[in-house]
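Participant: Structure below; questions to follow.
Derivation of every value follows stated rules applied to the coordinates shown; laboratory data play no part. Given the structure is predicted, the values throughout are model-derived calculations rather than measurements. Positions of Cβ are backbone-derived with ideal geometry, glycine not excepted, and every protein chain shown enters the neighbour counts.
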Amino acid sequence: MDSSGISGWDQRPVIDTSVSHSARVWNYWLGGKDNYPIDHEVGDQFAAVQPGVVEVARVHRAFLVRAVRYLAGEVGIRQFLDIGTGLPTANNTHEVAQATAPECRIVYVDNDPLVLVHARALLTSSPEGVTDYIDADLHDPERILREAARTLDFTQPIALMLMGIMEHIVDNDEAYTIKDRLLHALASGSYLVMSDPSSDGVDGDAAVDACRHWNESGGIPPITVRSREELGRFFDGMELLEPGLVSCSLWRPNATDIGAPVEVNGYCGVGRKP
Ligand SMILES: C[S@@+](CC[C@H](N)C(=O)[O-])C[C@H]1O[C@@H](n2cnc3c(N)ncnc32)[C@H](O)[C@@H]1O
């Protein structure tokens with residue numbers, strides 16, 4: 001760690017603009033500017049196969065906002081571990097949580113070099129709270145837990161956010177093992193917030209085709225698209241909050257939204273560790 005307080009910042013990140021990266025393509029779909037021509041090209045090809053994906057990105061972020069607001073508000077959670085943060089955008093986890101409870105403590109984790117470059121934008125904590133950024137890989141949960149313990153109190157409840165990242169742990173056994181390791185370290189009354197694309201439901205076949213195209217084009221990191229049943233297994237042993245595992249647009253939509261929410265590909269859920 002260097003004087004910035006961000007682990008990993010002491011090594012100059014290498015940005016490879018010849019291949020598309022998940023964080024940058026996601027940023028492109030969200031209308032951000034932190035991406036390169038290769039990300040536009042591959043992102044457009046992906047959207048040609050799964051036209052709904054741009055709406056998925058928007059709806060998925062809106063779910064993140066509602067879930068964090070609910071947890072910081074009604075539930076009273078004060079600590080968040082957001083793994084697979086993505087590039088800073090509007091309504092980052094700490095901004096949403098601290099708008100409700102300024103004392104919230106947030107640890108962000110990502111392994112993308114460009115996210116590391118922009119991580120300073122995630123460290124704009126309220127004076128009462130704190131944000132930290134860890135440059136680490138979800139394949140190494142022990143390191144994440146060790147470094148997050150600098151900022152978070154693991155004897156108190158934590159909301160673990162795995163938003164659009166388990167799709168990048170392509171082996172099912174490894175994905176469940178990583179999730180189990182992380183949840184095992186959390187206190188009773190902690191939460192899991194998760195969202196991923198799916199081979200089932202709306203646009204399921206298109207999501208599978210688009211994912212295959214991404215992998216064949218060398219997109220980083222590779223993606224897998226799981227069935228609804230496989231996604232539900234991430235909540236095994238937890239109390240899944242109402243309305244259960246649903247399309248992001250259907251998870252407690254705002255009463256002020258106009259019209260009925262339109263279902264998009266993928267499933268999200270919020271579970272409580274008993
Ligand atoms: C689809 S984006 C989702 C961003 C954000 N969580 C959201 O919901 O809007 C996936 C993010 O996970 C990160 N990621 C993918 N694999 C990772 C890994 N093994 N370790 C850490 N971060 C990873 C990518 O760099 C990217 O920022």
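Participant: Count the net charge of all other residues whose Cβ sits under 13 Å from the Cβ of H118, scoring Lys and Arg as +1 and Asp and Glu as -1.
Facilitator: Spelling it out: positives minus negatives among the neighbours equals -1.
Participant: Compute the signed sum of charges (Lys and Arg +1, Asp and Glu -1) over the other residues within less than 12 Å, Cβ to Cβ, of A175.
Facilitator: -3
Participant: Further question: Give the shape of segment 52-139 as rounded, prolate or oblate, defined through the alpha-carbon gyration tensor: a ≥ b ≥ c are the square roots of its eigenvalues, a/c under 1.5 means rounded, and otherwise the shape is prolate if a/b is larger than b/c and oblate if not.
Facilitator: Note, shape of segment 52-139 comes out oblate.
Participant: Here is a further query. Averaged over every viewing direction, what's the projected area of the C-alpha convex hull for segment 179-229? Give it in nm², one decimal, please.
Facilitator: The orientation-averaged projected area of the Cα hull of segment 179-229 comes to 4.8 nm².
Participant: Once you list every other residue whose beta carbon is under 11 Å from the beta carbon of L241, what net charge do they have if Lys and Arg are +1 and Asp and Glu are -1?
Facilitator: -1
Participant: OK, next. Taking every DSSP beta bridge that has both residues in the chain, what percent is antiparallel when rounded to the nearest 5?
Facilitator: DSSP beta bridges in the chain are roughly 30 percent antiparallel.
Participant: Another question, if that's okay. Under a point-charge model restricted to the Cβ atoms of Lys and Arg (+1) and Asp and Glu (-1), what is the dipole moment magnitude of the chain relative to its Cα centre, in debye to the nearest 20?
Facilitator: Here the chain has a charge dipole of around 740 debye.
Participant: For the chain, count the residues as N, evaluate 2.2 N^0.38 Å, and divide the Cα radius of gyration by that value, please.
Facilitator: Scaled against compact globular proteins, the figure is 0.94.
Participant: For segment 20-83, what value does the Rg/Rh ratio take when both radii are computed over Cα atoms and Rh is the Kirkwood radius, given to two decimals?
Facilitator: The Rg/Rh ratio comes out at 1.11.
Participant: How high is the relative contact order of segment 36-148, in percent, counting Cα pairs under 8 Å that sit 6 or more residues apart?
Facilitator: 21
Participant: Highest first, please rank the peptides 109-119, 244-254 by the mean number of other Cβ atoms sitting within 10 Å of their residues.
Facilitator: 109-119, 244-254
Participant: Here is a follow-up. Place a point 7 Å from Cα of E41 in the direction of its Cβ. Which residues in segment 212-230 have their backbone N less than 20 Å from it?
Facilitator: Under 20 Å, as judged by backbone N against the label point of E41, lie 212-223 of segment 212-230.
Participant: Now, a different point. Output the direction-averaged projected area (hull surface divided by four) of the convex hull of the alpha-carbon atoms of segment 126-274, in nm².
Facilitator: 10.7
Participant: Report the one residue of S190, T151, C211 whose Cα lies farthest in the direction of the positive end of the charge dipole of segment 122-211 (charges on C-beta: Lys and Arg +1, Asp and Glu -1; origin at the Cα centre).
Facilitator: Looking along the dipole axis, the top candidate is T151.
Participant: Let me ask something else. For segment 105-159 and segment 18-46, what is the separation of their C-alpha centers, rounded to whole Å?
Facilitator: Between the Cα centres of segment 105-159 and segment 18-46 lies a distance of 24 Å.
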